[in-house]
1. Could you give me the residue pairs with C-beta distances under 8 Å whose first residue belongs to the stretch 37-49 and is under 12 Å from Arg12 (Cβ atoms), whose second residue is at pLDDT below 95 and of a type in the set (D, E, K, R) wherever it lies, and which are 6+ apart or on separate chains?
2. If we keep just the residues of the stretch 52-70 that are in a loop (DSSP other than H, G, I, E, B) and at pLDDT 95 or above, which is surrounded by the fewest Cβ atoms within 10 Å (Cβ to Cβ)?
3. Just one of the numbered conditions (1) within 14 Å of the chain's Cα centre (by Cα); (2) hydrophobic (A, V, I, L, M, F, W, C); (3) over 30 Å from Ala125 (Cβ atoms) is not true of Val17; which one?
4. Taking the criterion of being over 14 Å from the mean Cα position of the chain (by Cα), assigned by TED's automatic domain parsing to the domain that holds Gly50 and farther than 25 Å from Arg46 by Cα, would at least one residue in the stretch 122-138 satisfy it?
5. Could you please find all residues in the stretch 1-14 being over 17 Å from the mean Cα position of the chain (by Cα), in a strand (DSSP E or B) and not aliphatic (A, V, I, L, M)?
6. Can you pull out every residue in the stretch 102-111 that is of a type in the set (A, V, I, L, M, F, W, C), modelled with pLDDT of 95 or more and either surrounded by fewer than 13 Cβ atoms within 10 Å (Cβ to Cβ) or over 18 Å from the mean Cα position of the chain (by Cα) (or both)?
7. Within the stretch 15-51, can you find the residues that are part of a helix (DSSP H, G or I) and not charged (D, E, K, R)?
8. State which residue pairs qualify: first residue outside the structural domain of Ile183 (by TED's automatic domain parsing) and closer than 18 Å to Ser129 by Cβ and inside the stretch 145-161, second residue of a type in the set (S, T, N, Q) and modelled with pLDDT of 95 or more in any location, beta carbons under 8 Å apart, and separation of 6 or more residues or different chains.
Amino acid sequence: MRLDVSDLACQRSGRPVLEGVSFTLDGGEALGLRGPNGSGKSTLLRVLAGLLPRSRGAVTLDGIPLGRDHDAYAERIAYAGHLDAIKPQLTVAENLAFWGALFGSPDIAPALAAFDLGAIAARPAHACSAGQKRRLGLARLALAPNRPLWLLDEPTVSLDGPACALLFSAIRAHCARGGAAIIATHVPLDVGSARDLTLAPVVAASPGTAGHHDPFLEGLAP
């Protein structure tokens, strides 16, 4: 797996949010997105997932340019955003069966085990706690082994220590299989030798200083 991002920029409502982002990511690697609220971490993930348009730059995943072949590109990505994407009227097992059918993984047992959901498999999702709903949403990842790039937006929200350990174990296993993960987070990542990409808010140019703004890319830590 190989992701190449070059000079990526994005605007939202006419305001620059990302500017000049460039990095590469290979199979087996994890990348932590760091930075304060408003620095563009969620926006970057959504652009990479093909959910937001970029204003400039290029993204290529396994040789497929973003925007060229939508289906082939999308089939290589598993995206977990702020919403857990669960159907409250369905049970935990039924939610996973739905996603398993979508991803071509009918056996949900590995997902139940990976995120310790077996004991509540028959519980309606609406009756789950916030942490259980979060684990259920993330368990979709275990049903997408053939999607090499995981894009995770603050995945540890609502998770306690043991649940975070389950998530980090799943990420490590995914990378060990040759996949890669980009994780927007404020917490330390126990996923092996992860790199950090630190983002800072883009400062809009004021009159008389057109074309100047604070540097967006603060650094890629080895």
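The values are calculated or read from the model by the stated rules, or taken from the named source; none is laboratory data. From a predicted model like this one, the values you see are computed outputs, not experimental measurements. Note: ideal-geometry Cβ built from the backbone for every residue, glycine included; neighbour counts use all protein chains shown.
1. Short answer, once both residue conditions are applied: Thr43/Arg12.
2. Filtering the stretch 52-70 down to residues in a loop (DSSP other than H, G, I, E, B) leaves 52-55, 62-63, 66-69.
So of that shortlist, the ones also at pLDDT 95 or above come out as 52-55, 62-63, 66.
Numbers: Leu52: 18, Pro53: 12, Arg54: 22, Ser55: 15, Asp62: 14, Gly63: 9, Leu66: 22.
Among those residues, the one meeting the criterion is Gly63.
3. The number of the failed condition is (1).
4. Scanning the stretch 122-138 turns up no residue that is over 14 Å from the mean Cα position of the chain (by Cα), assigned by TED's automatic domain parsing to the domain that holds Gly50 and farther than 25 Å from Arg46 by Cα.
5. Result: Ser6, Asp7, Cys10, Gln11, Arg12.
6. To start, the set of residues in the stretch 102-111 that are of a type in the set (A, V, I, L, M, F, W, C) comprises 102-103, 108-109, 111.
With modelled with pLDDT of 95 or more added as a condition, the list becomes 108-109, 111.
Across the stretch 102-111, the qualifying residues are Ile108, Ala109.
7. Looking only at the stretch 15-51, we keep the residues that are part of a helix (DSSP H, G or I), and these are 41-48.
Those that are part of a helix (DSSP H, G or I) and not charged (D, E, K, R): Ser42, Thr43, Leu44, Leu45, Val47, Leu48.
8. none
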